[in-house]
Amino acid sequence: MGAIERTILPSVIFAITCIIILTPGFVSIPMIESAANEFVIWGQIIGRMALLLGIINLILTNGKDISKRTGNWLYYILMFAIFGIMAVTGLSDLSLQNPQFNWMYNNIYNNCTGAFFGAVLFYLVSCTFRVIRIRNFESALLTFAATLTVLMSSPVMCAIWPGFPMLGEWVQSVFNTGAFRGITIGAAIGLVGLALRMFIGRERSWMGRGSTE
């Protein structure tokens with residue numbers, strides 16, 4: 001396969017697709033808007049195909065362990081059983097109004113999700129204990145903000161002094177919001193820069209090769 005098929009042709013297709021999808025946001029052209037909608041639909045279809053590919057890969061990978069009875073093969077059998085039950089009950093009614101599916105989702109899946117995050121909470125507390133140590137001025141500010149955030153949600157501290165919720169809310173609405181806006185703006189600028197590099201063909205890692213190849 002030549003350089004045109006490996007690098008130039010995918011870059012041209014990507015650039016044309018980006019132009020078609022971005023144009024309706026600035027100029028109203030019915031033909032381009034229709035093409036952009038078609039590209040979005042095809043993108044969703046490809047996403048569903050990628051999900052199907054992931055399911056097949058999961059079955060093949062864990063199926064080998066089940067056949068050889070290695071690793072956590074008993075848990076894999078349980079996983080496939082639950083997966084099959086959820087898939088059958090869910091696909092039996094594409095509107096997702098099947099009462100059995102809703103019962104399992106609300107009473108099993110949601111509770112397992114809560115239990116998982118509850119277990120992760122212990123690791124979060126341990127990580128917080130290691131991070132929040134006053135070594136310099138910045139770490140002191142971090143400790144102060146974290147302390148106010150914890151105290152604002154503590155009923156005991158709120159009963160001792162009603163000012164804790166106000167201070168914690170002030171930290172959340174002023175400092176936390178401002179920091180997240182800065183992070184969001186920086187991430188958006190980086191995303192635009194990455195898209196521009198891909199658009200002009202300088203970034204080629206998405207084609208399975210380095211940007212300098």
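Readers should treat all values here as calculations from the given coordinates under stated rules, not as data from a laboratory. Please read all numbers here as calculations on a predicted model, not as lab measurements. Please note: Cβ atoms are built from the backbone with ideal geometry, for glycine as well, and neighbour counts cover all protein chains shown.
Quick notes
- Contour minus Cα-Cα distance for I29 and F117 (0.36 nm per residue): 26.9 nm
- Rounded to whole Å, the principal axis extents of the Cα atoms in the chain read 71, 48, 39, largest first.
- Pair M166, C127: separation of 7 Å Cα→Cβ label points (nm): 3.4
- Modelled spin-label separation between A187 and V156, with each label point placed 7 Å from Cα along the Cα-to-Cβ direction: 3.5 nm.
- Rounded, prolate or oblate (a/c below 1.5 giving rounded, otherwise prolate when a/b exceeds b/c) for segment 72-120 by Cα gyration tensor: oblate
- Alpha-carbon centroid distance for the pair segment 132-185 / segment 59-106, whole angstrom: 42
- On full extension, the segment bounded by I56 and I21 gains 9.5 nm, given 0.36 nm per residue less the C-alpha separation.
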